[in-house]
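The values are calculated or read from the model by the stated rules, or taken from the named source; none is laboratory data. Since we're looking at a predicted model, the values are computed, not measured. Cβ placement follows ideal geometry from the backbone for every residue including glycine, while neighbour counts extend to all protein chains displayed.
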């Protein structure tokens, strides 16, 4: 359980880095614009991201193995970007459905295009790698 919480924290931190560096990736907090709502929203989306990477990503990567060979592994950028778009869609589904208009009042992670999703996935991968490296040095993970 501690490993899941640490992994979710790292994913939330990596998502924060991506939303800070890329203006086309935004996170609208669930329940308001306060600090705790924003922090909780990052943790919720980080948990969704972790679950998608643990459950769906291995299946897709096994099914796409021939494409990995054909593209010398470059298809992984597209797959990771598509998975990030899927996380954005999932995170917008758990928002409040009282009154929503697409593009105006949706809560959760939003990404403008597949290109930004690919760049965001690359930044999240790098930030997550650095965070895991620091945690392994500190013997937390």
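Computed values, structure above
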item	result
Neighbours by Cβ (under 8 Å, 6+ apart or cross-chain): first from region 70-87, at negative phi and surrounded by 15 or more Cβ atoms within 10 Å (Cβ to Cβ); second modelled with pLDDT of 90 or more and outside any helix (DSSP H, G or I)	75/64; 79/64
Enumeration of residues in region 24-59 that are outside any helix (DSSP H, G or I) and either in contact (Cβ under 8 Å) with a residue 12 or more places away in the chain or in contact with a helix residue (DSSP H, G or I) (Cβ under 9 Å, 6 or more places away or on another chain) (or both)	24, 25, 26, 27, 28, 29, 30, 31, 32
Filter pass, residue 92 being at pLDDT below 90, in a helix (DSSP H, G or I), out of contact with any helix residue (DSSP H, G or I) (no Cβ under 8 Å at 6 or more places or on another chain) and at negative phi	yes
Subset of region 35-55 [more than 13 Å from the chain's Cα centre (by Cα) and surrounded by fewer than 16 Cβ atoms within 10 Å (Cβ to Cβ)]	35, 36, 37, 39, 40, 55
Residue in region 1-14 that is surrounded by 14 or more Cβ atoms within 10 Å (Cβ to Cβ), without any contact (Cβ under 8 Å) to a residue 40 or more places away in the chain and in a helix (DSSP H, G or I) present	yes
In region 15-34, residue nearest to residue 114 (Cα to Cα) [restricted to those that are surrounded by 17 or more Cβ atoms within 10 Å (Cβ to Cβ) and touching a strand residue (DSSP E or B) at 6+ places or on another chain (Cβ under 6 Å)]	25
